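Comments concern the structure below.
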Amino acid sequence: MAKMTLEELRRLRDQKQSELQKRDIEGKDSRIVVGMGTCGIAAGAKTVLDTFLQVLDEKKIENVSVTQTGCMGLCYVEPTIEVIVPGMPDVIYGKVDAATARKIVEQHIIGKQLVTDHMFDRPAADIIKKNGGK
Amino acid sequence: MHICIDDYLLDIVQNSFEADSSQVELIVDQTEDRLNCTVRDNGKGMDAEVRKRVLDPFYTDGKKHAKRKVGLGLPFLSQACEACEGTFALHSEVGVGTTVEFSFNLAHLDAPPLGDLCATFVILLAHPLAKGFVIRRTINTVKGSGSYQLDKVELEDVLGNLTTSGTLNLLKEYVTSQEEDVRQYYVSLDLHKQKAPLSKQQEM
């Protein structure tokens, strides 16, 4: 890959944006927040965030907000992430590795079903249904 | 405990973002066998008392997590630098800012692997508390020298807010193209060289 200039980057962005306007926007208003404290980093949060970006890119989902925060207080199940999808309960997933990150995009962000075996906080146990909350 | 050098960078630069800084600078300078890094901010700084205690893993100001008894970021880093005969220095003044200068001896057996600098730079640039933030990457070896600079203000001017997946993937493409350009000057050290396959060894 040749070294890209800022001008080339700007052109690439403009091109992507016009493509985006033609498509139905999937993932709009969805948010993934990765816990990036010392505990998260030590457990592999960097790889997890990078995997989220990769998978979203593969699926051509451009509109999910991917942000980072400090430790969420669940150091024992790092890496932890919070997923916020409109119309679904906010969920904190723990013990998230690259494979789980992929599953979360496919199942939660796209499929609108909770990944129940990695949930560590919220929502309360009584609202997690057997069919994934659908 | 962190595995790669990039994990330490990620961890330590966040301290600067969280110290109410308006300007943060990360310098990553590489030679044949050394990685020299500087993290400089104009944040709130530390007084002499805190400066003395901050390398103690059992010291924390307790502000971020009220009940926590540890603060591991800087202790991890200084330990890792020490373990590979690198250097570590901390300068800080209240109201002026903090500078952390450290280096890894890449030729040392206990030096951590470099890791994924591109992913780390993208994550740091996208950090919500990073305002003015510049990464200066330079490399200078017998093979030649190269450099690039990533300026958050400049990049946001081109890409808009660095928050959505599409934008971050564009940013990653850009950062990767910059790092690829200097990668030609990397020198692989004997230490990290893989042994030749047995068939090759016999030929020799």
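Residues within the reach of a label modelled at B:Arg68 (point 7 angstrom out along Cα to beta-carbon, backbone nitrogen below 19 Å), restricted to the range B:124-166, are B:124, B:127-130.
Starting with the fewest neighbours, write out B:Ile12, B:Ile3, A:Ile109 ranked by other beta-carbon atoms found within 10 Å of each beta-carbon.
Details: B:Ile12 19, B:Ile3 14, A:Ile109 23.
Placing the least packed residue first, the sequence is B:Ile3, B:Ile12, A:Ile109.
Return the FRET efficiency for the residue pair B:Glu82, A:Gln107: r is the Cβ-Cβ distance, R0 is 45 Å, and the value is rounded to the nearest 0.05. Could you put the intermediate results ahead of the total?
Values: r = 44 Å, r/R0 = 0.98.
Calculated transfer efficiency: 0.55.
Across peptide A:67-76, the average count of Cβ atoms from other chains found within 10 Å of a residue's Cβ is 3. Taken about its Cα centre, the range B:85-181 carries a charge dipole of about 60 debye when Lys and Arg each add +1 at the Cβ and Asp and Glu each add -1 at the Cβ. Remark: mean inter-chain Cβ contacts per residue of B:8-19 equal 2, using a 10 Å Cβ-Cβ cutoff to other protein chain atoms.
By other beta-carbon atoms within 10 Å, ranking B:Leu74, A:Leu74 with the fewest at the front produces A:Leu74, B:Leu74. Computed from phi, the 3J(HN,Hα) profile of the range B:84-95 under the Karplus parametrisation 6.51, -1.76, 1.60 (θ = phi - 60°) reads 10, 6, x, 10, 8, 9, 10, 10, 8, 9, 4, x Hz, with x in place of Gly and Pro.
Defining a contact as two alpha carbons under 8 Å apart and six or more residues distant in sequence, what relative contact order in percent does the range B:1-70 show? Before the final figure, lay out the partial values.
Details: 61 pairs, mean separation 14.7, N = 70.
Once divided by the residue count of the range B:1-70, the mean separation gives 21 percent.
Tell me the relative contact order for chain B as a rounded percent, counting alpha carbon contacts under 8 Å between residues six or more apart. Across chain B, relative contact order equals 24 percent. In this rough spin-label picture, where each label sits 7 Å from Cα along the Cβ direction, the B:Glu101-A:Lys28 distance is 5.2 nm.
Given the DSSP H assignment, sum -39500 (n - 2.57) over each helix run of at least 4 residues in the protein assembly as shown and divide by its residue total; what's the result at 222 nm in deg cm²/dmol, nearest 500? Each step should come with its number before you reach the end.
Values: 11 runs with 115 residues, N = 338.
Per the formula, -10000 deg cm²/dmol.
The overall shape of chain B is oblate: from the C-alpha gyration tensor, with semi-axes ordered a ≥ b ≥ c, the ratio a/c is 1.5 or greater and a/b is no larger than b/c. By the beta-carbon count within 10 Å of each Cβ, the least crowded to most crowded order of A:Tyr76, B:Tyr59, B:Tyr8, fewest first, is A:Tyr76, B:Tyr59, B:Tyr8. With each label modelled as a point 7 angstrom along the Cα→C-beta vector, the B:Leu129-A:Asp121 pair spans 1.7 nm. Per-residue mean of foreign Cβ neighbours for A:36-47 is 6 (Cβ atoms of other chains, 10 Å radius). Among B:Val153, B:Asn42, A:Thr116, flag the residue with its Cα farthest along the positive direction of the charge dipole of the protein assembly as shown, charges on Cβ as +1 for Lys/Arg and -1 for Asp/Glu. Farthest along the dipole direction, towards plus: A:Thr116.
Taken together, the values in this text are just the output of simple stated rules run on the coordinates, not laboratory data. Source: prediction; values computed, not measured. Don't worry about glycine lacking a Cβ; one is built from the backbone with ideal geometry, like all the others, and counts go over all protein chains shown.
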